[in-house]
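This report concerns only the one structure given below.
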C-alpha cells in the first residue's frame, strides 16, 4: 500500500512537472535527457541487472531505433509510430543475431563480443550510403496527429511513458517465473542449467525486451533532436554511459537506474555548463579577473570530463553497489 | 519653452528605462572545448577571445557566455537553449562542428535568436531557408571548387581521392566529384579511411598504382602528416597534392618540409592575404598564443567581431537579425555580406584561398587578386 | 600491384599492435580484468617518448630504457592504489573503474599538454628502403618490429625461466590454487599490471615516430588490443604476438583487395568468428570462462 502511494506521488510529480516549470525549454530539455537515460539504463538493467549479462553494446539497439525511424521517415514519410515499430523489428533482429553469438560466451567474452557486434553495426552504418554514412540524417518537420513536435512537451511525456513501461515490465518480471529464472542464471548458470532452465531462451527473452525498449528510446531521440549520426547514437561512449548510470544507482534494483540518472544527468549538465564557476563568481566569492576566477572560467570548462572521470572512479571504489546499495546496507 | 520642457522630460523618461536596462550586452558562444574536436575548438576560443579584447579596447563591453558542446548535438542544443532562455543572450556565435551547427540552426527560428556559424562547413546549414542562421565561412563545396580552379590551367587528366570517413570528408569529396566531372577529370581511385589508423600504406599503394595526376586529400587532423609521410615512403608522386581540411593548413604540417613542400591546400584565410588587418591579426595572434593562427581562429575572430559590434548597436534579437541581414563588413576575413544565392540563405559568399607550401611557408597562390606568389606545378620531391 | 607490399607493411604494423595486445593479455590472464585504460597507457608512452626526445634529446627507441621502468612503476602503483580494490568485484565494475581511470589520464593530458597534436620527427621518420625492387619497407616500422620481437622474447624467457615469471603464470592458470601454493597473488597482480603498462607504453613509444601524439591517440588501439587478446587466447603471450600480426596483415590485405573503409568491420567479424568457433582463442587453453 505504502509502495503504491509512493509510486502515485512520484507519477503525479512527473506528470505535473512541465506544467509547473512551464515554458523553460532548457529545463525540459534536461529533464528529457534525464528520463531518457533513466529509461535506457532501466532497459539495460533487465538484461544486465537481472540476467547478469553485461552488455557493452546497447548503443547498437538505440542506433537501430533512431536510424530505422529517420530513414523510413525521410524516404517514405510513414507515420512516426509505424517507423518506431519497424525500429523495434530491426533492433530485435540485431538482438537475435547478437544473442546467438554472444550467449554461448561468459564473463569478459560476453562484454567484448557485445562491443564487437555494436562496432560492426556502427561501422556498417558509417559505410553504407542509404544510412547517410558519415553525414548522418537531418530530419525536416515531422507530423504526428496534431501534436506540436517543435515543442518539447510531447517528448517529455513520451520518454516518461517509456520509462514507466520499462519500470512496470521490470517490476512484473521480478515477480514472474522469467524473473526468477533470470536471477537463477545470474547467480549460477550451471546450477540453473542443471535445474532444467532453458538458459539460452531466457537470456534471449531478456535481451529482446531490453533491445526493444532501447530502440523505442532511440526512435524518440531521433525524432526529438532531428539529426543523427554514428557518433551521437551508435558510439561506445553511449553504451558505457548507460551502464555507468545503472551501476551508480544500483544494478539489479528496480529504482537503481532512475536514481543513477537523477544523479548523473544533472551533474553532467552542471559540469558542462560550468554552473559551479559561475555561481562562485556571481556570489562574489571569487573575482572574475583573479587567477582563481580565470581558472574557473576557462579551465573548469576543459576539466569537466576529468571531474566526471574522478567521480566515476570514486563511485566504483566507494559505492560498488550503487547509491541504493548504500541504503540497503545501512538498513 | 513649454515644448522644450516637455521634450526634455519625455526624453528623460524615455532614457531612464534604457539606462536602467543598460545591463551588459550578452552574447553566447557555443564551441567544442572538449571532445574529439577540442583542438580546433581551442583555436576558435583563442580567436573569439582576441575579438572580445579588441572590442573592449574600442569601448564595446560585452558579457560573453561560453558553452561547451563536446561535439555532441544534444549538448549543443542544451547549450543554445540555456543561452537564449536562461542567460538572455541576444545572439549566439557557434557551434563549431557541422552536426552541432545543424541541430542548433534548425531550432534558431523557433527561439528567434540569431546564430552566426563561424566555421562549420556542411552546406545544409544555410540551405534550409532559416531566417536566424548566418554563416561566415564558405561551405564544403567551395573547398574542392577553389582547389580545382587553381590547377585547371595545367590541364590535369586524372584524379584520385583519399579522405577521412567523416561528414566533412564525404561531403567535400562528393562536391569534388561533381567539379571533376565538369572539368573532364577521370576518377582513378577512391580511398575512404577511418581516422586514427597508423597504417595507410595499402590505400596509398593502390592510389600509386593508378598513377593519378591529382591526389585530392581530405583530413583535418594530424593524420594529414601521417598520410603524407607514408605517401613519400611508398613514392607516390602525382602532379599535385590537393589538400582540403584543416590538416593541410596547420603550421605543424608546413614545418614538416620533407613531406609537405609544394602541397596545395584550400583555406578560408591566410595571414598574407591582402584583407584589412589580416597580417596584423596574424602577428598579434602569434605574439599572444605563441603559435600560428589557423583559419578557424580567424573565422571565430571575425564572427565574434561582427556579432558583438552589430549587437552593440541593436539591442534586441530582432534588430540584430535585421542588421546582420542588411549590413556589410570589411575586416580580416575580407568583405563580408550575408546574402541569398544559389540555394543558400544568409550565407557569406566568401572567397576561399589556395595556398601552397613553398620552402616551409604557406604562400597564397590563388585567386590571383589575393596572392603574391605563383603556383608551382607539377609537384616534385 | 604486388601481393608482398601489403603483406610486409601489415606484418610490420601488426608488430606494434602485438605489443599492445600482449600487455593487455597478460593483465587479462593474471588478474582477469579487461583494462579499458590500456589505450591511455599507450598515450602515456607516446608523451614520454616525445618529451625525452624534445627535452632530453634522446632518440625515441633508446628512450625505452627510461620509459619501461617509469611505466612499470606507474602501472604497479595504479594497481596498488585502484585496481587491487576491485579485484573481487563484478566485471562491469572493474571495467568502469578502468574507464574512469582512462578518462582521468586522457583529460589530465588534455589539460597539461593541450589538444594540439605533437609530431615527433626524427631523421628517419619517413625514410624507407626498397626490397625486391618495388616493395618499400619503412625504416622506423622495421626498427619497431625488431624491438617488439626482442621484447617478446625477453618476456617469454622471463615468464618461463624465472621464479617470478613462473609465479605469474601459475596465478594466471589458477588464482586460488596459486594462493594455496604460497604465491603472493596480490603482488603478482601488481607486477602483471606493471608489465602490462610497460608494454602498452612501449607500444606507444614505438609508434610515436611514425604516428602523432595526442591525449586521445591511444583510443584507436584499445579495441584492437582486445581483439588481439581474444584472437590469441586470453593470457597467452605468444598468442597475442601472433594475433597482432594477423590483425595487421588482415587490415593491410582488406584495404588492398577490398576497401579501406570496411577493413575494421572485417577485423571485428574475424573477432566474432573466433569467439563463436574457438572461444579459447588460437593459442589459448582455457575454456570460455
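Bear in mind these aren't lab numbers, they're just calculated from the coordinates by the rules spelled out. Values in this document were obtained by computation on a predicted structure and should not be read as measured data. Cβ atoms come from the backbone with ideal geometry, glycine included; neighbour counts cover every protein chain shown.
General remarks:
- Pairs of Cα atoms farther than 23 Å apart, the stretch C:100-251, %: 50
- Crossing angle, helix B:2-20 versus chain B [Cα axis fit, 0-90 degrees, rounded to tens]: 50
- For the stretch B:330-381, Kirkwood radius (reciprocal of mean inverse C-alpha pair distance, Å): 13.2
- Size of the stretch C:162-256: Rg and Dmax of its alpha carbons, in Å, are 16.2, 53.
- Part-to-part distance (alpha-carbon centres) for the stretch A:78-111 and the stretch A:11-59, which is given in Å: 20
- Cα-based shape type of the stretch C:98-151, given that a ≥ b ≥ c are square roots of the gyration tensor eigenvalues and the cut on a/c is 1.5: prolate
- In chain B, the longest principal axis of the Cα atoms and the axis of helix B:98-111 are about 20 degrees apart.
- Cα centroid separation, the stretch C:196-265 to the stretch C:2-67 (Å): 9
- Evaluating kT/(6 pi eta Rh) at 10 °C and 1.306 mPa s, with the Kirkwood radius of the stretch A:26-239 over Cα pairs in the Stokes-Einstein relation, gives 91 µm² s⁻¹.
- For the stretch A:179-256 and the stretch C:127-177, distance of Cα centres in Å: 39
- Helical runs assigned H by DSSP (4 residues or longer) give chain B a calculated mean residue ellipticity at 222 nm of -13500 deg cm²/dmol, each run adding -39500 (n - 2.57) before division by the residue total.
- Working note: Cα atoms of the stretch B:78-172, range along each principal axis, descending, whole Å: 56, 24, 18.
- In degrees, nearest ten, helix B:278-289 long axis to first principal axis of chain B (Cα): 90
- Fewest-first ordering of B:131, B:145 by other beta carbons within 10 Å of each residue's beta carbon gives B:131, B:145.
- Taking other C-beta atoms within 10 Å as the exposure proxy, C:57, B:350, C:214 rank C:57, B:350, C:214 from fewest upward.
- Taking a ≥ b ≥ c as the square roots of the eigenvalues of the Cα gyration tensor, an a/c ratio of 1.5 or more together with a/b no larger than b/c marks the stretch C:205-278 as oblate.
- Spacing of the modelled spin labels on residue B:157 and residue A:189, each 7 Å from Cα toward Cβ, amounts to 6.2 nm.
- Averaging the sequence gap over all C-alpha pairs within less than 8 Å and six or more residues apart, then dividing by the number of residues, gives the stretch C:9-218 a relative contact order of 47 percent.
- With the highest mean first, a sort of the peptides C:117-124, B:321-328 on other beta-carbon atoms found within 10 angstrom per residue produces C:117-124, B:321-328.
- Two numbers describe the Cα atoms of the stretch B:229-309: Rg and Dmax, which are 15.1, 52 Å.
- Antiparallel DSSP beta bridges within the protein assembly as shown, percent to nearest 5: 40
- Treating each Cα of the stretch B:264-381 as an identical point scatterer and summing with the Debye formula, the log10 of I(q)/I(0) at q = 0.14, 0.16, 0.19, 0.22 Å⁻¹ comes to -0.68, -0.84, -1.06, -1.25.
- Computed on the Cα atoms alone, the convex hull of the stretch A:1-72 gives a volume of 137 cubic angstrom per residue.
- The order of C:181, A:86, C:46, B:352, going from fewest to most other C-beta atoms within 10 Å of their C-beta, is C:181, A:86, B:352, C:46.
- Rg ratio for the protein assembly as shown: its Cα radius of gyration over 2.2 N^0.38 Å, N being its residue count, equals 0.95.
- For chain B, relative contact order (Cα pairs under 8 Å, six or more residues apart, normalised by length) works out to 18 percent.
- Relative contact order [Cα under 8 Å, 6+ residues apart], the stretch A:26-239, whole percent: 44
- Ratio of Rg to Rh over chain B (Cα coordinates, Kirkwood Rh, two decimals): 1.04
- Rounded to the nearest 0.05, the FRET efficiency derived from the C-beta distance between residue B:183 and residue B:109 at R0 = 30 Å is 0.20.
- Of the Cα atoms belonging to the stretch B:184-290, the radius of gyration and Dmax stand at 15.7, 46 Å.
- Kirkwood hydrodynamic radius of the stretch C:9-218, from inverse mean 1/r over distinct Cα pairs, in Å: 17.7
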